[in-house]
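Peer 1: For reference, the structure I am asking about is given below.
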Amino acid sequence: MPFPLSVEQKQTAFWVALWLAFGVLLVALGPILTPFLAAAIIAYALNPGVDRIDRLRLGRFDVPRPLAVVVVVLLFFCAVLSLVLIVVPVLQTEIPLLQAQIPAFLAKANDLLGPRLREMGIKVQLDSAGIKKLVSQQMVTSGDEIWAAVLASARVGGTAVLGWIATVVLVPVLLFYLLLDWHQMIARIAGAVPRRYIGATVAMAEEVDTLLAQYLRGQLLVMVVLAVYYSSCLAIAGFDVALPVGILTGLLVFIPYLGFGLGLVLALIAAVLQFTDWSGVIAVAIIYGAGQVIEGFFLTPRLVGERIGLNPLAVIFALLAFGQLFGFVGVLLALPASAILMVAFKHLRSHYLRSSFYNA
């Protein structure tokens, strides 16, 4: 015969079930929550700057928070625009030059690989005419399949483009209102916590806030060091685009793999365009290989991992685990999420060591 539940237990079960249902709803609404999540992350990073400007006094004039929010948001998007203006001229310069160099590059590849391919029984001419012939043959033999794939890609790509446009439009608006009402929103969240848990919850939130602030400072330091490293090494190797490519690679390192991959592709294109032999490609391989080793085994574990209390093994495991569970977004949020989980685990372990279950 089951034991009857008390009123308090019934209320606890009701609210737990309600919060679980709310969590399931958030998971179901995941695709449309992307701009809200992005705006919340950016607002968390920018709020200290807004608070500092908000506390300023210009003579008898107190800076109102809306003005402080506008100033910080404009500075942030000016920084993003500056990064775009660094990348776009490089692409505009290199892509036409790359198109002009493609025939010469194919001729070199044909001279190098053609005899070996013919020895293996593969008769392919690696020049413009040969590539066009191969492509046209594939188009004739599998035209229907390719056309179906193109249509499917267009539908998926169109949906993705619309999603990105909605995100780009919504994020500045959401960011403004989040920063404007940041403290009131935090107070409302704290007010929703049951009073019996408010002390422990506030303590954990303050600890998480400290860890995330240290993470952001460590990540910023890694970005600066790598921007200086790549720019200096590419300049020493004689690259004309050393400064923009190096800065871009370093500043985008906070997005795992994307910053490194984009910088590597731009550097390889510059090597092919600028150098007539393989010296440029070899220099890029050495510089970016060493940079990846320095970042992965020294800078990120030491400057980021140690600041948030994670050892190098935990950093590597967090990146792999969150990437497996949540894909690219998981890799992006692996370290800050691990810091939050580490705080929760530490408090859970402390509660476990004080429990009668452990001490009995």
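The values are calculated or read from the model by the stated rules, or taken from the named source; none is laboratory data. In this text, all values refer to a predicted model and were calculated from it rather than measured experimentally. Cβ: placed from backbone, ideal geometry, glycine included. Neighbour counts: every protein chain shown. What goes into the accessible areas is simple: the full protein's heavy atoms, side chains included, and nothing from ligands, DNA or RNA. Shrake-Rupley method; radii C 1.70, N 1.55, O 1.52, S 1.80 Å.
Peer 1: When you go through (1) more than 17 Å from the chain's Cα centre (by Cα); (2) of a type in the set (S, T, N, Q); (3) open to solvent by less than 60 Å² (accessible area, probe 1.4 Å); (4) at pLDDT below 85 one by one for Q219, which number turns out not to apply?
Peer 2: (1)
Peer 1: Give me the residue from the stretch 44-64 that is in a helix (DSSP H, G or I) and aliphatic (A, V, I, L, M) and, out of that set, farthest from V171 (Cα to Cα).
Peer 2: The selected residue is I53.
Peer 1: Can you tell me which residue is nearest to the chain's Cα centre (by Cα) among those in the stretch 43-63 that are open to solvent by less than 60 Å² (accessible area, probe 1.4 Å) and of a type outside the set (G, A, S)?
Peer 2: L46
Peer 1: Just give me the residues in the stretch 265-297 being hydroxyl-bearing (S, T, Y) and open to solvent by 40 Å² or more (accessible area, probe 1.4 Å), in sequence order.
Peer 2: T276, S279 - these are the residues of the stretch 265-297 that are hydroxyl-bearing (S, T, Y) and open to solvent by 40 Å² or more (accessible area, probe 1.4 Å).
Peer 1: Starting from the stretch 251-280, keep only residues that are over 21 Å from I42 (Cβ atoms), then list their pairs with residues that are modelled with pLDDT under 85 and among the charged types (D, E, K, R) whose Cβ atoms are within a distance under 8 Å, requiring at least 6 positions of separation or different chains.
Peer 2: Hits for this filter: F260/E295; L266/E94; I269/E94; A270/E94; A270/D240; L273/E94; Q274/D240.
Peer 1: Can you pull out the residues in the stretch 226-243 that are in a helix (DSSP H, G or I) and surrounded by 17 or more Cβ atoms within 10 Å (Cβ to Cβ)?
Peer 2: Result: L226, A227, Y229, Y230, S231, C233, L234, A242, L243.
Peer 1: Can you find a residue that is of a type in the set (A, V, I, L, M, F, W, C), over 17 Å from V224 (Cα atoms) and modelled with pLDDT of 80 or more anywhere in the stretch 286-298?
Peer 2: Within the stretch 286-298, one or more residues are of a type in the set (A, V, I, L, M, F, W, C), over 17 Å from V224 (Cα atoms) and modelled with pLDDT of 80 or more.
Peer 1: Consider G246 carefully, then state whether it is touching a residue at least 60 places away in the same chain (Cβ under 8 Å), in a helix (DSSP H, G or I) and of a type in the set (G, A, S).
Peer 2: No: the conditions fail for G246.
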